[in-house]
Every structure is written in C-alpha cells, then in structure tokens.
Amino acid sequence: MTQDLSQDQYTRAADELERAVRHYREAATHSARGEHVQAAHHAHIARGHFLNAQGMAHDAARWHADQFSDTVMAEHPVAEHPVAERSVAGV
C-alpha cells in the first residue's frame, strides 16, 4: 500500500469500473440475442461493481478530507465572505 491511501483507493475503484464495463457489454450482447434474463444478471452485477467503485471513491474523499483539509486551507485560505441575510418575500 502506498503512503497516500487515496491512490490505492482510486486504483481499486478504477478496477471495479472496468469490471462494470465488461458486465454491461456482456449484458448488451445477451440483450441483442434476446437473452433477457442473462442480460439482467450481467447488468445487475455491473451496477454492483459501479456501486463498489463509488463507495471506494467516497472513502478516498473522506480520507483525503481527514488528512489534508487543514493543510490545504493553510496553504490556500478561503476569503471570509459574509453571508447575506435572506429576505422573506412580502415582509
């Protein structure tokens, strides 16, 4: 595992997306043949791989926020902008 955990998470997420693509392509092939049950199985599996990838990307983002938020804010401070008061229509 690398020092930057997000690199490994992004790589694993990319691997999951590649698996999803293969299953979606197989689903399309089965669908073209009229094999709709097999197509649905592959499409369902593909969706699972997509969700796995999404979860890994979320984990990487959370880890990145925990590890680097303070450092990034110190290096690139955000200017304070006052929040405008919201007006209520008719008041």
Test each condition in (1) more than 18 Å from the chain's Cα centre (by Cα); (2) open to solvent by less than 60 Å² (accessible area, probe 1.4 Å) for Gly55 and report the one that comes out false.
(1)
Show the residue pairs meeting these rules: Cβ distance below 6 Å; 6+ apart or different chains; first residue within segment 5-22 and touching a residue at least 40 places away in the same chain (Cβ under 8 Å); second residue of a type in the set (S, T, N, Q) and in a helix (DSSP H, G or I).
Glu16/Asn52
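Of the residues in segment 3-49, how many are open to solvent by less than 40 Å² (accessible area, probe 1.4 Å), in contact with a Phe, Trp or Tyr (Cβ under 8 Å, 6 or more places away or on another chain) and within 28 Å of Ala65 (Cα to Cα)?
4
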Can Ala60 be described as surrounded by 14 or more Cβ atoms within 10 Å (Cβ to Cβ) and of a type in the set (Gly, Ala, Ser)?
yes
Quickly run through segment 23-38 and pick out the residues that are more than 19 Å from Leu51 (Cβ to Cβ) and assigned to a helix (DSSP H, G or I).
Ala28, Thr29, His30, Ser31, Ala32, His36, Val37, Gln38
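The values are calculated or read from the model by the stated rules, or taken from the named source; none is laboratory data. Predicted, not measured: the structure shown is a model, and the values here were computed from it. Glycine also receives a Cβ, built like all others from the backbone with ideal geometry; neighbour counts cover every protein chain displayed. These area figures cover heavy atoms from the full protein model, side chains too; ligands, DNA and RNA do not enter into them. Shrake-Rupley method; radii C 1.70, N 1.55, O 1.52, S 1.80 Å.
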